[in-house]
Number of protein chains: 2
Amino acid sequence: MKRLSFIWLIVVYYAFAKACPAQTITSPNKAFELKVSLSQEGTPQYQLDYKGDAVVETSSLGFEIKDDEKSLKNDFEMVGTATSTFDETWEPVWGEESEIRNHYNELEVDLKQKETNRLMTLRFRLFDDGLGFRYEFPQQEFTYFIIKEELTEFAMTGDHTAYWIAGDYDTQEYDYTTSKLSEIRGLHESSISGNASQTPIKPTGVQTALMMKTDDGLYINIHEAALIDYSAMHLMLYDENMVFTSHLTPDVNGDKAYMQAPTTTPWRTVIVGDDATDILASRMTYNLNDPVAIEDTSWIKPVKYVGVWWEMITGKSSWSYTDELPAIQLGKTDYSKLEPNSTHAATTEHVKEYIDFAAKHGFDAVLVEGWNVGWEDWFGNSKDYVFDFVTPYPDFDVEEVHEYAQANDVKMIMHHETSGATRNYERHLDTAFQFMKKYDYDAVKTGYVGNVMPRGEHHYGQWLVNHYQYVLEKAADYEIMINAHEAVRPTGIARTYPNLIGNESARGTEFQAFGGSKPNHTTILPFTRLIGGPMDYTPGIFEMDISKLNPLNDSHGNFTIANQLGLYVVMYSPLQMAADLPENYNRFLDAFQFIKDVPVDWSKSVYLEAEPGEYITTARKDKNSDNWFVGNSNGTTPRTALVDLDFLEKGKKYIATIYADAADAHYKTNPQAYKITTKKVTSKSDLKIYTAPGGGFGISIVEVD
Amino acid sequence: MKRLSFIWLIVVYYAFAKACPAQTITSPNKAFELKVSLSQEGTPQYQLDYKGDAVVETSSLGFEIKDDEKSLKNDFEMVGTATSTFDETWEPVWGEESEIRNHYNELEVDLKQKETNRLMTLRFRLFDDGLGFRYEFPQQEFTYFIIKEELTEFAMTGDHTAYWIAGDYDTQEYDYTTSKLSEIRGLHESSISGNASQTPIKPTGVQTALMMKTDDGLYINIHEAALIDYSAMHLMLYDENMVFTSHLTPDVNGDKAYMQAPTTTPWRTVIVGDDATDILASRMTYNLNDPVAIEDTSWIKPVKYVGVWWEMITGKSSWSYTDELPAIQLGKTDYSKLEPNSTHAATTEHVKEYIDFAAKHGFDAVLVEGWNVGWEDWFGNSKDYVFDFVTPYPDFDVEEVHEYAQANDVKMIMHHETSGATRNYERHLDTAFQFMKKYDYDAVKTGYVGNVMPRGEHHYGQWLVNHYQYVLEKAADYEIMINAHEAVRPTGIARTYPNLIGNESARGTEFQAFGGSKPNHTTILPFTRLIGGPMDYTPGIFEMDISKLNPLNDSHGNFTIANQLGLYVVMYSPLQMAADLPENYNRFLDAFQFIKDVPVDWSKSVYLEAEPGEYITTARKDKNSDNWFVGNSNGTTPRTALVDLDFLEKGKKYIATIYADAADAHYKTNPQAYKITTKKVTSKSDLKIYTAPGGGFGISIVEVD
């Protein structure tokens, strides 16, 4: 982070009044007004107005404390308040744009619980695009406490439309449901599909980032920022009055968070906009995180990659090396004496083919899964010592692969599946990272499939949140980039630790080989999962009929080829995979060209048109050239997108190459029908592009002299 | 371990009979007979006879398996049996004797559960001093399972006298109760005293090693050997028929052990003798463990040490550096800006005084507790990041202390209190051990005070057992010796990992400053806690009136000075502390001479007379000379011990220096009354030595020309 500009005006006043007048601030653009007050019972409350109307009606704040009748719910008085203004522009290491403005007005409300003398501060930051607030506990005698529940309310003003997945302590990999808030209860059970680890929050629990739209057409997004050493927040809907309350992920004992003052909670965020594109353009989540904590970030680089992966996901190949034993024991099982199966993908020879393909087409890196011993019984056994992260299978020569990759100027991406055994992973972490450095891997995809250990803990509880952070910070020490799968959904901490270049934490492309996802899935993800940070969504599947890869798998990918291309722009990530097999790309090399051309780092992003569940069209400018790229993902309704190119530099001429759905394309019946056209364009051009059901498009726009 | 002799005769026969005749073996000396059979329901059973009479009546074997109606309880058939004989003599790295014979007859019974085809093997080893047996699960389709409970019975033949402490998942630090088995239920609740972490097993749970005596005068001891990756076993007494059944320590979910075949359980042991000394002389527990796993053991050395410790235990000094804050945060709290308290013990200057004292009196090492930051709020807060194990307090100069110790030819002993935060300890383990090697520490006292983390796990469950083993093995990699406090009680694994030179795992001397222990405590410990391995009991307290150290502490040590001397021989350990303050030793330098002289490693041990709860007299020969030492601990009844010196070499002349209770000595009223006499002795001599209530004696016997 380089600090570009910095204005910080502090206006402080301390009101030690016995009476508690409501405290009010507005956003810098005056669109928002926040009121903070105490109820008759001394319960802190806030209300958020946008353009004169309530967006969040009066909502209570506080905590249930374990073994404490009093808790932190009421009996508070204000002992001081302070307001200030902050305005700074910073440069992210990677991102949707090269500069981010962090501009807010702040209100600090210092509370004292009268009977107990406990101190709690509320800090509100009001941006031009919404509100962030958190709880702070200054140093005091009230030092250690256990949160039984956080009591933060978000009182909605009506029966909004929501784009939601069920709250769950262990998975986020659900298909989205679009419904009225009042319909969540009835749809909740049917919204839940099977997962390797899942603990749904009934009866009305939903996950953040939660996207909503009011009947008046206002867009509202609730999430959190800077989730550090705390449990992830879900929202429970009280649908008699449309009030959400926070519902934290419990630990094995049902406790929600262990606290030691001085400390703070994560920020709770409410992003609001008149247009859905306002939500996509918001940088509030990053702005509420701390500035970068890594001194030298020069080793952190966006990555476009291919990998030995989709063939295992589809069941064409296997991660495991042998089928001979019902189970193996690391250090005791002698693989050299076991019969290899015929399906193991991560062989030296096969990986070299991927390296050849990556080198030929200009990819940065190759991911290889299933290279290390332990995959025979890795899953579902609550096995502790499941992997050691450094011992390759007999048919994978790590040294030879390393040398071959280096000779071809391709990086290898490491894979650390933990099977949820976090103690085992932490025990091997130093060795595993040292092994990576030895063989020149500088990025690792981590995985937490299945129920976690310590047994009874959940993927999104404080214990695990602390673990992911530990891995991230240790990786930074080793100058290693992390792409964490099945970890907690991101909350903008990549601002502080930009070596977190990816997360899964949602239903990724793999589900297209597990029975499919809804065709409009990727028109919702940018409004939900991506609010907290980039997703390793692994797009780029060109063969939707999975049975062509594995006759036993009758899944169908619910998208068109043009849609897949559009995702490289719509679904921002500094880490982008071309997930399909080389043989499938070789069949459609003209379409593949877009994937080869599309950058993974940007200087500007323009959100042209968007409606959650329906469509998104996004334009971005390459960080390393003057080229622009436009992407679209379309839902189930065929549609013609209007692409206004006025973001192009005035007076310049460009050639646009348009990768679009053919007129008869359809995600189900004709997904591989696309057409590629080129057109001369300027900033005055408008493009009208047809998008099929489950379709989309990609456009590359290159300046011509 | 050097293999001295080796005889292994295998006599195998496989009986694939439909009928299941009882299988029988005898011990090498024919004193024991073991019968193994199947009940009508196909439940495996065993019976142990000694000299023609049952010691353990017909007792069932098996398991309750989680989520499995069938479990491993019945429906078994024998599919094979095998017998063999083993006879080997091995040399321990340290111990009560320089050679140990491992001689047994073995019976293997291979079982198949008829309906499920699950395989389970029972392996019995019958020694001349008792029985060891375990369960084994060969490789099979039945691979992963969760034990809800182990169903091993030990059916007693009558209402024996037992020397017991309450079963507990988190502490062993109780005073012993002597009672009939039938009285355990009634005395159970009152046997439980407070502890920093405790989860008593009601209503009749007791701990192993459990010592018993029958009305016929037979001594029986039940324990376990080789507790690796399994939960520690307690015994629940069904007092309607005097049957003990195994009761494993649960995890947070109530599960007892996670298993993956091929695997085995620990050994269950029954040591039996006509004389109480037979129990003390048994080496069965070590023999049932694997041979040494460390190639070069030359760095493992017995240690006699003093330490900055008793002054904190008594409350004279503090571990913590400052009283200024209610809590601290490692890495955030700046100690250099805090006011030091006046009680912090581990200052450079004070530690140097201990080094001077150690050097002057020939001690090997000095332990220092409270040297590292974090002690201000280390305990009882379920704090995760409680210590980092490498950052000294501002007033402790680790470099200066290191140099001073080295110049004085004294080793420093490291201290790693974890406060039960095992994840935090494992995260810092490499760094902490590297820090130790840098400053030339080669032994560490570890501690697990308070409730453990992961929260809800217990000190003696599989998760923690695995942790202690992990630390032990990693320490071996660094050539570091471990003395683990509050860890699970030892089960002979020091044979395999002799760098485990000590454990606490029972009520140590510290309780004499916490209100006192029963005067006969140390006449029981060698029959119970010490069966599995040495204890860091920290004897050598010369000032019993604790208020003389700390006026606010009115505790009284319930022993005499002569008793304390005797413990250095009675309570075998390769790690012995002289726990009192230098100033107290300086008051009694003639008695202190025994502590200076007594060795910590032995070539022979002779158990002269013993009765649990009453007295123990033990003679041992120095491993590095021809000197002998005799020690006695006496219970509450005054007594004259008869010490028959016929273990001395025939024809040689010796001078015995006898450190005995004075005639008017008494643990309560006159504990510091001792007399030192010398006498010429030979192998024909008998010594009669008076021992006071709570008394004892120490004798050094040196050859004279």
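Near the amide H of A:G696, within less than 5 Å, lie the amide hydrogens of A:N563, A:N634, A:D661, all on another chain or at least 5 residues away, with H placed in the peptide plane. Here is how far apart the A:E611 label points are across copies: 9.6 nm, shortest first, using a point 7 Å from Cα toward Cβ.
With distances taken between every two different alpha-carbon atoms, chain B has a Kirkwood hydrodynamic radius of 26.2 Å.
Would you mind getting me the FRET efficiency between B:F588 and B:V390? Use the beta-carbon distance for r and R0 = 41 Å, nearest 0.05.
0.60
Backbone amide hydrogens, once placed in the peptide plane, bring A:N102 within less than 5 Å of A:E88, A:T89, A:W90, excluding anything fewer than 5 places away on its chain. From largest to smallest, the equivalent ellipsoid semi-axes obtained for the stretch B:566-705 from the alpha-carbon gyration tensor read 22, 18, 15 Å.
Note on B:E399 and B:V79: the extension gain reaches 108.7 nm, defined as 0.36 nm multiplied by sequence separation minus the Cα-Cα distance.
Label point of A:D334 set 7 angstrom out along Cα-Cβ; within the stretch B:278-300, no amide nitrogen lies under 12 Å from it. Of all DSSP beta bridges confined to chain A, the antiparallel ones make up roughly 85%. Summary of the geometry: the stretch A:506-533 and the stretch A:592-669, compared by the centres of their Cα atoms, lie 19 Å apart.
Mean sequence separation of contacting Cα pairs (under 8 Å, at least six apart), scaled by the length of chain A, corresponds to a relative contact order of 11 percent. With θ taken as phi - 60° and the Karplus curve 6.51 cos²θ - 1.76 cosθ + 1.60 applied, the whole-hertz 3J(HN,Hα) list for the stretch A:652-669 is 9, 10, 9, 10, 9, 9, 10, 9, 10, 5, 5, 4, 9, 6, 7, 4, 9, 9 Hz, x standing for glycine and proline.
Computed from point charges on the beta carbon alone (+1 for Lys and Arg, -1 for Asp and Glu), the dipole magnitude for the protein assembly as shown about its Cα centre is near 80 Debye. A Förster distance of 60 Å, applied to the separation of the beta-carbon atoms of A:D216 and A:K675, puts the FRET efficiency at 0.95. Modelled spin-label separation between B:Y238 and A:N341, with each label point placed 7 Å from Cα along the Cα-to-Cβ direction: 4.5 nm.
What separates the Cα centres of the stretch A:463-494 and the stretch B:415-431 is a distance of 21 Å.
Residues whose amide H comes within less than 5 Å of that of B:L687, counting only those at least five positions distant or on another chain, are B:V643, B:D644, B:L645 (H built at 1.01 Å from N in the peptide plane).
Qualifying trypsin sites (Lys or Arg not before Pro) in the stretch A:322-382, where qualification requires a DSSP coil assignment and no more than 15 other C-beta atoms within 10 Å, comprise A:K332.
Evaluating 6.51 cos²θ - 1.76 cosθ + 1.60 at θ = phi - 60° for every residue in the stretch B:314-327, the Karplus couplings come out as 7, x, 5, 10, 10, 6, 7, 9, 9, 10, 7, 10, x, 6 Hz, glycine and proline recorded as x. Note on chain B: with charges restricted to the Cβ of Lys and Arg (+1) and Asp and Glu (-1), its dipole about the Cα centre is near 1180 debye. With only Lys, Arg, Asp and Glu charged, each at its Cβ (+1 for the first two, -1 for the last two), find how big the charge dipole of the stretch B:454-537 is about the Cα centre; round to the nearest 20 debye. My answer is approximately 320 debye.
If a/c stays under 1.5 just call it rounded; otherwise compare a/b with b/c (prolate if a/b is bigger, oblate if not). Do that for the stretch B:303-598, with a ≥ b ≥ c from the square roots of the Cα gyration tensor eigenvalues.
On the way: a/c = 1.35, a/b = 1.13, b/c = 1.20.
Rounded is the answer for the stretch B:303-598, as its axis ratio a/c remains below 1.5.
Counting every other Cβ atom within 10 Å of each residue's Cβ, A:T640, B:T509, A:T43, A:T177 order from fewest to most as A:T640, A:T43, A:T177, B:T509. Label zone (A:I655, point 7 Å along Cα-to-C-beta; backbone nitrogen cut-off 16 Å) within the stretch A:684-705: A:699-705.
Distances, shortest first, from the label point of B:E69 to those at the same position in the other copies read 4.8 nm; the point lies 7 Å along Cα to C-beta.
With a/c under 1.5 counting as rounded, go ahead and sort the protein assembly as shown into rounded, prolate or oblate using the C-alpha gyration tensor (a ≥ b ≥ c being the square roots of the eigenvalues; past the cut-off, prolate if a/b is larger than b/c, else oblate).
prolate
Remark: the Cα gyration tensor places the stretch A:421-500 in the oblate category, a/c being 1.5 or greater and a/b not exceeding b/c. From least to most packed, judged by other beta carbons within 10 angstrom and beginning with the fewest, B:M120, A:M236 follow the order A:M236, B:M120. Here the stretch A:395-532 has an Rg and Dmax of 16.2, 46 Å, counting Cα atoms alone. The ranking of B:V79, B:V569 by Cβ neighbour count inside 10 Å, starting from the fewest, reads B:V79, B:V569. Considering only chain A, the C-beta nearest to the rotation axis that sends A to B is found at A:P454, 2, the distance in whole Å. Each part gets one Cα centre, and for the stretch A:187-218 versus the stretch B:281-352 those centres are 51 Å apart. Between copies, the label points of B:K437, set 7 Å from Cα on the Cα→Cβ line, lie 1.6 nm apart, reported in increasing order to one decimal in nanometres. Under Stokes-Einstein, with the Kirkwood radius over Cα pairs standing in for Rh, what whole-number D in µm²/s applies to the stretch B:159-207 at 10 °C and 1.306 mPa s? Here the translational diffusion coefficient equals 150 µm²/s. Applying 0.36 nm per residue to the separation of B:D554 and B:N408 and subtracting their alpha-carbon distance, the gain on full extension is 48.9 nm.
The value of relative contact order for the stretch A:559-621, using C-alpha pairs under 8 Å at least six residues apart, is 33 percent.
Based on the reciprocal of the average 1/r between different C-alpha atoms, the Kirkwood radius for the stretch B:321-369 equals 12.9 Å. Backbone phi angles across the stretch B:102-116, fed through the Karplus curve with coefficients 6.51, -1.76 and 1.60 (θ = phi - 60°), yield HN-Hα couplings of 10, 9, 7, 9, 10, 10, 10, 10, 8, 10, 10, 7, 4, 6, 9 Hz in residue order; Gly and Pro are listed as x. Go ahead and estimate [θ] at 222 nm for chain A from helices alone: -39,500 (n - 2.57) per DSSP H run with n ≥ 4, summed, over the residue count, rounded to 500. Taken over chain A, the calculation gives -4000 deg cm²/dmol.
Values quoted throughout were computed directly from the atomic coordinates according to the rules given, and no laboratory measurement underlies them. Model, not experiment: these values are computed from the prediction. Cβ coordinates were reconstructed from backbone atoms using ideal geometry, including for glycine residues, and neighbour counts include every protein chain displayed.
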